[in-house]
């Protein structure tokens, strides 16, 4: 007897064929694994661990409440993206949606934006893992060259695992997410208990401006309070990564959109509770604000050095899971564009190994990009990669929402698929307004110039290749993806 799941898989494979593709990737990801991919990309522990110091220095402890504002806005964006994911479950996500519902030229722009954002994300996450978790865990002195070497080793290991098996990626990611959930919940309870029983800490921290008290530009555009939004904006992104793995999900019509929305909501709620616990547990705001790793310092004060080291182990594992997911989703975007002849060296990049059923050349490319970025960018610029990726993501999300508003009447409906119904227009308009606000917040501070220049440079690089296709292979940009006759040249 055929089960509902097997029927859903057959329907998804048929959808793939109807779009012009032979199913080559292996459907091994169950519902939780699909959720884990999006949640691991977001990684609450990693995001808070890496940006809590910025909030304390720019806005003070009270800045954590901007997490709520960001969470609401990003949930609106996730709801719109889930609408597309429920109807066009193909690798390449935004590239496929725009190519089929607008035109292939706009689709190419969406695809290149996604590739750039993910490629930057791989290096940013793994470099942060090296400098913020691995080196402190082993007692290594801060050193940029050492961090770069560790970064490249980590990227290579992640690529090998991604190449070896999508199922293995799902299992490791699920394990990382499970550990992260347990660690964050346990730490939150432990911090509340420590403050309650020892009296060290204060609820008043939740409304304190800390070391920023009296700052003249605190409420100004690009000022301290606005800068505190970077924690939520840099953390609650990437929830759409599950859509890039849709051709490897067993039930993509339901599992992928649920993962997109569920991951951002779960991360938002869990993150806010963890932030409240951390902030109440601060015993000395000036000293903690001056720390390079305030989260670890708070845990050391309240729970001792053993818990601090345990956190570093968990954070390192969470970092690794987030980086591996980014490698996997970035390689799928490369593969999706390459099988339509719209990515450099497409004949090589579209190859899928028949044994592993994974796109090996596209995955190796991500390692190459990491090597180039590590070699080309100075140490200070590496710190801007995360912000540059956030800029690109915000622009991309805004573009997806505009696309949705323009083509929503032409979207089909799949039985039991995710659907906003009569709320689709209000949600989409709210998401669009929010996306515009995000871009403004990110580019407003003067120190954002380097990040903007990195993003512009990557887009110009893509523009050169787009120009090549325009003048020498115009048929590629004039034909819908999946046309075997055109893309076999």
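Values in this text are rule-based calculations from the coordinates and carry no lab data. Since the model is a prediction, treat every value here as computed from it, not as a measurement. Cβ coordinates were reconstructed from backbone atoms using ideal geometry, including for glycine residues, and neighbour counts include every protein chain displayed.
Computed from Cα positions, the angle between helix 31-42 and the longest principal axis of the chain comes to roughly 60 degrees. So what's the angle, to the nearest 10 degrees on a 0 to 90 scale, between helix 4-18 and the longest Cα principal axis of the chain? The angle comes out near 60 degrees.
For segment 167-322, the alpha-carbon radius of gyration amounts to 1.21 times the rule-of-thumb value 2.2 N^0.38 Å expected for a compact globular protein.
Axis of helix 252-280 versus longest Cα principal axis of the chain: the two differ by about 10°, to the nearest ten degrees. When a/c reaches 1.5 or more, the comparison of a/b and b/c decides; with that in mind, is segment 247-371 rounded, prolate or oblate per its Cα gyration tensor? Here segment 247-371 falls in the prolate category. Kindly identify segment 195-243 as rounded, prolate or oblate by the Cα gyration tensor criterion: order the square roots of the eigenvalues as a ≥ b ≥ c, call it rounded if a/c is under 1.5, otherwise compare a/b with b/c, prolate if a/b is larger, else oblate. In terms of gyration-tensor shape, oblate. Each peptide among 358-368, 43-53 gets the average number of other Cβ atoms lying within 10 Å of its residues, and from highest to lowest they stand as 43-53, 358-368.
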